[in-house]
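Structure first, commentary second.
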Amino acid sequence: MKLLFIDTSAKLANVFVIEDGKLLSEGFDSGEKTHASMLIPVIDRALKDANLKIDDVDVIGVTNGPGSYTGLRIAVACAKMLAYGSNKPLVTVNTLDFLAESAFPCADAKASFILPMMDARNTLCFYALYRCLEDGTLENITGVQSDYTADIIEKTSDKRPLVICGDGCIKNREALEKGFEGAVYPDESVITGSYIGAWRAVCKKTGGNGKNFTEFTPEKASADYFKEVHITLRSPENDR
């Protein structure tokens, strides 16, 4: 199975081309405000580096939230366009699932829990706590949360071995080190998502065999923002 995976939920945009769990090529865009203009060229270059065209891909994957409001819309819209144009299935995966699955190799024999954290601006983070199971899978035991950093430490204060990943842990590293002694922090190639996480997350969503794609259509794909979007309506009188 050949997978094209797209993630623009954070400042660093990731594009991976993967075949049967092996990385063929990858591309990045590190400018948070340039994802809209750079994503298609990055995808095009990644496909060319893998000696593939979009028609050669079997499935397209994309993170659909939580994350940047604008970034999520860019990635999902782009993925839907590619899926419609190439008549390919489109699999959306939770961004925290993607991050947790990316960090899973770092948890082997080192930790029993994984805590992916995404910067939600100000003092907020999106996060979820995952338990590593004996069969090599992960179980989300908290659901997606959006809370203050201090509350993260309080809610996960059992002090068990832990891997912490995501750009939220970079921002809050000092507070986390005080709250979680001995926690493992992956290097930057993993901490904001890896091809391993993309492959594992898509396989988990589709049943693991790469064949259960009938329900994954572009029509069903949408961004999931996980928090209210506040819109202020202006009356014509206010503009006079």
Karplus (6.51, -1.76, 1.60) ³J(HN,Hα), θ = phi - 60°, over the range 190-206, in Hz, Gly and Pro reported as x | 10, 4, 10, x, 9, 5, 4, x, 4, 5, 5, 5, 5, 4, 5, 5, 9
From the square roots a ≥ b ≥ c of the eigenvalues of the alpha-carbon gyration tensor of the range 52-131, which class results: rounded (a/c under 1.5), prolate (a/b over b/c), or oblate?
-> oblate
Answer with a single label: of [x] 32, 19, 17; [y] 41, 24, 21; [z] 28, 25, 16, which was calculated as semi-axes √(5λ) of the Cα gyration tensor in Å from the structure in view?
-> [z]
Looking only at LEU47, LEU133, LEU99, which one moves most when the chain is put into a Gaussian network model with springs between Cα atoms under 10 Å?
-> LEU133
For 136-142, 125-131, ranked highest to lowest by mean beta-carbon neighbours within 10 Å, the order is 125-131, 136-142
Give the value in nm², to one decimal: projected area of the alpha carbon convex hull of the range 77-119, averaged over all directions.
-> 4.3
Taking the Cα centre of each part, how many Å lie between the range 66-89 and the range 97-139?
-> 24
Relative frequency of Cα-Cα separations exceeding 20 Å in the range 1-138, percent | 48
LEU24's amide H: which non-local residues (gap 5+, or another chain) put their own amide H closer than 5 Å, with H modeled 1.01 Å from N in plane and none for Pro or chain starts?
-> VAL17, ILE18, GLU19
Where does each of 67-80, 214-227, 188-201 land if you order them by average Cβ count within 10 Å, highest first?
-> 188-201, 67-80, 214-227
For the range 128-135, take each phi angle, set θ = phi - 60°, evaluate the Karplus expression 6.51 cos²θ - 1.76 cosθ + 1.60, and give the result in whole Hz per residue in order, putting x for glycine and proline.
-> 7, 9, 10, 9, 7, 9, 5, 7
Hey, what did the chain get for relative contact order, percent, Cα under 8 Å, at least 6 apart?
-> 20
Out of residues 5 or more away from CYS165 or on other chains, whose amide H comes under 5 Å of its own, with H placed 1.01 Å from N in the peptide plane?
-> LEU115, MET117
What is the Å³ per residue value for the convex hull set by the Cα atoms of the range 23-89?
-> 90
Highest mean first, what order results for 6-13, 174-181 on Cβ atoms within 10 Å?
-> 6-13, 174-181
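Just so you know, all these numbers are worked out from the coordinates, no wet-lab data involved. Remember, predicted model here, so these are calculated numbers, not experimental data. Heads up, the Cβs are rebuilt from the backbone with ideal geometry, glycines too, and the neighbour counts pull from every protein chain shown.
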